[in-house]
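**Student:** Just passing along the structure, written as structure tokens.
None of the figures in this text is laboratory data; all of them are computed from the coordinates on show. These numbers come from a predicted model, not from an experiment. Virtual Cβ from ideal backbone geometry, glycine too; neighbours counted across all protein chains shown.
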Amino acid sequence: MKASSKRILSILFSAVFLLGTLIIYGNLIQPEISSAGELQSLVASKTNLLNNQKTAVSQVSQLIGQFQNASSLQQTVSLALPIGPNTTQILNQWQAIAQGAGVTLDALNVQPIPPGSPTATSTLVKKVGDVSISVSAAGGYAALKQFLEELETNVRVTNIQTFEFTSAAQTGQPGQATNLYNLKANVSAFYQND
């Protein structure tokens, strides 16, 4: 074979191989590349969806935790500002405070006061009313001081309006020691209106 025919044959074989390569690339490789790209985009979108779902689940878990804390907060607020005057609760708390402080309650005069006008037009804001209570107690100075401090720091929101200490000897009661004092106080205990 001549060198020129060898060249023509080699060019012809090269063209056939090039044409075969293009046919194989067009029919077999290119569809797989596009399907691989679709699979990669599918994996990326599912990964993004998974991350979004994890974020949503963590946010819902946080909200559930906040709502559980809100219910305990509601219970605490209900103790501090109960719905309605609930004067028996006030009297029970004060009796326990008086016993703990070593004070004798002589008289309690309860006068509920209707709640004032609302501070906002929203139905979520409840009116606040107060119960005015006049208390008369007897005991030692330290015991009466402790009684007043515990009234102020009681779980129920209260405000001591006025108080007056007098010595038992000054009240004209014979036979009592001079270290015994009388306390007269006006206290407001607050509550939420229905």
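**Student:** Multiply the residue gap between T88 and Y141 by 0.36 nm, knock off their C-alpha separation, and tell me the result in nm, one decimal place.
**Tutor:** Length gained between T88 and Y141: 16.4 nm.
**Student:** Now a separate question. Under unit Cβ charges (Lys, Arg +1; Asp, Glu -1), what dipole magnitude, rounded to 20 debye, does the chain have relative to its Cα centre?
**Tutor:** Charge dipole of the chain: 1480 debye, to the nearest 20.
**Student:** So what's the back-of-envelope 222 nm ellipticity for the chain, counting only DSSP H runs of four-plus at -39500 (n - 2.57) apiece and dividing by all residues, rounded to 500?
**Tutor:** It lands at -18500 deg cm²/dmol.
**Student:** In whole Hz and in residue order, list the ³J(HN,Hα) couplings for segment 54-60 that follow from phi through the Karplus curve 6.51 cos²θ - 1.76 cosθ + 1.60, θ = phi - 60°; x for Gly and Pro.
**Tutor:** Using θ = phi - 60°, the values come out as 4, 5, 5, 5, 5, 5, 5 Hz.
**Student:** Another question, if that's okay. Would the chain count as rounded, prolate or oblate if I go by the C-alpha gyration tensor, calling it rounded below 1.5 in a/c and otherwise prolate when a/b exceeds b/c, oblate otherwise?
**Tutor:** Taking the square roots of the gyration eigenvalues as a ≥ b ≥ c, the chain is prolate.
**Student:** May I ask for the distance between the Cα centers of segment 136-159 and segment 53-85, given as a whole number of Å?
**Tutor:** Each part reduced to its Cα centre gives a spacing of 32 Å.
**Student:** Would you please give the FRET efficiency between K6 and S35, computed as 1/(1 + (r/R0)^6) with r the Cβ-Cβ distance and R0 = 45 Å, to the nearest 0.05?
**Tutor:** Calculated transfer efficiency: 0.60.
**Student:** Another question, then. Work out the FRET efficiency for S71 and K184 from their Cβ-Cβ distance, taking R0 = 30 Å, and round it to the nearest 0.05.
**Tutor:** Efficiency, rounded to the nearest 0.05: 0.15.
**Student:** Of I11, N92, L105, which is farthest towards the positive pole of the chain's charge dipole, taken about the Cα centre with +1 and -1 on the beta-carbons of Lys, Arg and Asp, Glu respectively?
**Tutor:** I11
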